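Every read-out reported here was derived from the displayed coordinates using simple, explicitly stated rules and does not represent laboratory data. Predicted, not measured: the structure shown is a model, and the values here were computed from it. For neighbour counting, all protein chains shown are included, and Cβ atoms are generated from backbone atoms with ideal geometry for every residue, glycine included.
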Amino acid sequence: MSKEIIHNNQDFEQILSLIYEARNRVYSKANSELVLLYFNVGKVVSERVNAGNWGENTVQQLADFIQSKEPSLKGFNRRGLYRMKQFFEVYSDKEFVSSAMTLLQSKGNQQNKKVSTVLTQLQTADDFVSKFVSTVLSQIQWSSHLHIFNKTKTAEEKIFYILHAISERLSVRELERQLNTATFERTMLSNKLASSVTTQLP
């Protein structure tokens, strides 16, 4: 193989790498916008339903309306809309916000380094929710959020898997596997054992 061909291959690989990087940025941006959209749609649906302005039939009517206007849109059926409602309610719930603020501001939270330090400086719950959604939740795919919803109970567990998925760049399938193998419980147990051993050392 001539030097010219080798040189060209290296140049070609470099250009291909640029294409992949750009494509990943576009995909990441699209995913962020999608997660923000679902959160905002969930907020509207939640507020209308909880205020008594909308019933279950209204949510179905909304799904039918969206389908009639934009037949190509996926995920905005009745079930999808209720998932968006749940998404908003889980991450704007006062107890979750209080727990999340405490966990992310704690000195022992090593994964916090992977998340914007802006979160640790926010004082009000509303500010925290807004920043948490835009800087943290938007970094992982919607399918990953659905797995976390279905397989976690506590705020601590949810935050663990969200930050773990971000820091380790887990795919949806990898995250699902870690949820199924109780990575959170094993990590907490390991930390407790390490802490127990440390306190017994002279």
What is the spin-label model distance, in nm, from Glu47 to Ser143 if the labels are put 7 Å beyond Cα along the C-beta direction? 3.2 nm
Across Lys69/Lys94; Lys29/Lys131; Lys94/Lys131, pairs whose alpha-carbon gap is larger than 27 Å: Lys69/Lys94
Charge tally for neighbours of Gly75 with beta carbon under 15 Å away, counting Lys, Arg as +1 and Asp, Glu as -1, is +3
Note down the net charge around Asn40, summing +1 for each Lys or Arg and -1 for each Asp or Glu among other residues with Cβ under 12 Å from its Cβ. 0
Sequence-distant aspartates and glutamates (8 or more away, or on other chains) whose Cα lies within less than 20 Å of Lys151: Glu89, Asp93, Glu95, Glu168, Glu174, Glu176, Glu185
Grab the Cα-Cα distance for Asn8 and Lys94, subtract it from 0.36 nm times how many residues apart they are, and report the gain in nm with one decimal. 25.2 nm
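At a Förster distance of 22 Å, what's the computed FRET efficiency of Leu18 paired with Glu174, Cβ-Cβ distance as r, to 0.05?
Here the calculated transfer efficiency is 0.25.
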Calculate the spin-label point distance for Thr102 paired with Glu56, positioning each point 7 Å from the Cα along the beta-carbon direction, and give it in nanometres. 3.6 nm
Quickly work out the Asp64-to-Ser28 label distance, labels modelled 7 Å from Cα along the C-beta direction, and quote it in nm with one decimal. 4.3 nm
